[in-house]
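Encoded as structure tokens, the structure appears first; notes follow it.
The values are calculated or read from the model by the stated rules, or taken from the named source; none is laboratory data. Nothing here was measured: the structure is a model prediction, and the numbers come from that model. Cβ coordinates were reconstructed from backbone atoms using ideal geometry, including for glycine residues, and neighbour counts include every protein chain displayed. Surface accessibility is based on the protein's heavy atoms, side chains included, excluding ligands, DNA and RNA. Shrake-Rupley method; radii C 1.70, N 1.55, O 1.52, S 1.80 Å.
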Amino acid sequence: MAVEVRIPTILRTFTGGEKAVKGQGSTLHQVIDDLETRHPGIRERLVESDNLRRFVNVYVNDEDVRFTGGLGSPTADGDVVVVLPAVAGG
Amino acid sequence: MTRFASLIDSVGHTPLVGLPNLSPSAKVRLWAKLEDRNPTGSIKDRAALGMIRAAEADGTLRPGCTILEPTSGNTGISLAMAAKLAGYRLICVMPENTSVERKQILAMWGAEIVSSPAAGGSNEAVTVAKKLIAEHPDWVMLYQYGNRANADAHYETTGPEILADLPEVTHVVAGLGTTGTLMGIGRFMAEHKPEVKIIAAEPRYGELVYGLRNIDEGFVPELYDASYVSSRFSVGSRDAVRRVRELLEREGIFAGLSTGAIVHAALGQAAKAVKAGESADIVIIIADGGWKYLSTGAYDTDIDTAEEFLDGQVWA
């Protein structure tokens, strides 16, 4: 299950400056664990106590995973995972 | 009702119009709530008025007061109109990369502007405003991100208007900024028609906006309560531009850019309903008109140029 993970500027220090990296796994949890093997340190910036950090939003195919099963959200071949810090308008 | 005692009294009461050309089928219909019909041209008139009235009622805001507010534009414009009529001084803290039209409109209504660094977006405007208010304890910050009166305005007006005009409503899709719109409508629907799904569209800000900010310092408005939201979609600049043009070309509605993101999320939801063979009546909140964004080139340049220009802009 190869997925594309888009990395925000602030986390690109972990990916050698790459904007998008490949990940493997049939759940978001597995994808993040897989990323950690090649980009050590990135997991801690996304996950805290087995939950997504409060200020980090993760979308699979543009839908927020907090509403689709959190870290257990399924990922399929060709899916696009986007990581974004929280922002606000107004 | 079409006659009002004053401009302030005309806030809300916006029309709900069908979108026959964008609706995917006779069973899955889209409806647009035209919030650009408010006095200053955006949905923020509801929140601004609600917050001012609440602050006057509890004695926080008294004649002669100075109001300070972090804003990316629309709330500031609404506050400027209301403050002018009520005789308050208004200072807006806004990111320096908000569109030039917004600054001109604010100045026209007599508001003063303090710029915050573009790199921090709305979050940085909030930080700067909090610093200023600490230095000027006599000023009043209504603070739309944490002011319950912001969400209450939508609980008391937007939600009831939708249900009255479209009793068969199944989904409401709106932008996620201060979260006031979605929290207010969500709370109203939870109490009056709990099966209605509340869908949030989050415009995906250009990466330069948050490029310099530490991820741990991200900002979630205090008003936000995930239990009122059924689903959240992140929408990129390209899709937002494409949809805002589609809305104009196919339905004749000239909307602002965050509305393009909302339309994209709504069409995604509509496609899901079609696939599942379900009926749906989906309300799209048109947050504002396109007038304030003409200088961005979003409506008349080629889409690559428009997308490029929009990355790094503050939309909502």
> Using a probe radius of 1.4 Å on protein heavy atoms only, what is the accessible area buried between chains B and A, both sides summed, to the nearest 100 Å²?
Replying inline: 2700
> Relative to a virtual label point 7 Å from the Cα of B:E96 in the Cα→beta-carbon direction, which members of region B:113-151 show backbone nitrogen distances below 19 Å?
Replying inline: B:113-132
> Which FRET efficiency value, to the nearest 0.05, is calculated for B:A164 and B:E195 with the Förster distance at 22 angstrom and r the Cβ-Cβ distance?
Replying inline: 0.80
> Per residue, how many Å² of accessible area does chain B show with a 1.4 Å probe?
Replying inline: 39
>> Based only on Cα atoms, what mean projected area does the convex hull of region B:116-267 have, in nm²?
In response: 10.6
> For region B:75-149, rounded, prolate or oblate, judged on the Cα gyration tensor with a ≥ b ≥ c (square roots of eigenvalues), a/c < 1.5 rounded, else prolate if a/b > b/c?
Replying inline: oblate
> For the Cα atoms of chain B, what angle does the longest principal axis make with the long axis of helix B:257-276, in degrees from 0 to 90, nearest 10?
Replying inline: 30
>> Helix-only mean residue ellipticity at 222 nm, chain A, DSSP H runs n ≥ 4 weighted -39,500 (n - 2.57), per residue, nearest 500. What is it?
In response: -5000 deg cm²/dmol
>> Can you tell me the convex hull volume per residue for region B:1-45, based on C-alpha atoms, in Å³ to the nearest whole number?
In response: 80
>> Can you classify chain A as rounded, prolate or oblate using the Cα gyration tensor, where a ≥ b ≥ c are the square roots of its eigenvalues, rounded means a/c under 1.5, and otherwise it's prolate if a/b beats b/c and oblate if not?
In response: rounded
> Which whole-percent values make up P(r) of chain B when all C-alpha to C-alpha distances are grouped in 20 Å steps starting at zero?
Replying inline: 34, 59, 6
> What residues qualify as long-range amide H neighbours of A:L52, i.e. H under 5 Å apart, gap of 5 or more or another chain, H built at 1.01 Å from N?
Replying inline: A:L71
> Where in region B:261-297 does the label zone of B:R250 land, with the point 7 angstrom along Cα→C-beta and an amide N cut-off under 17 Å?
Replying inline: B:261-275, B:280-286
> Taking all protein chains as present, what is the carbon and sulfur share of the accessible area of the protein assembly as shown, in % to the nearest whole number, probe 1.4 Å?
Replying inline: 53
> What number comes out for the charge environment of B:A287, summing +1 per Lys or Arg and -1 per Asp or Glu over other residues with Cβ under 14 Å away?
Replying inline: +2
>> Given the DSSP H assignment, sum -39500 (n - 2.57) over each helix run of at least 4 residues in chain B and divide by its residue total; what's the result at 222 nm in deg cm²/dmol, nearest 500?
In response: -12000 deg cm²/dmol
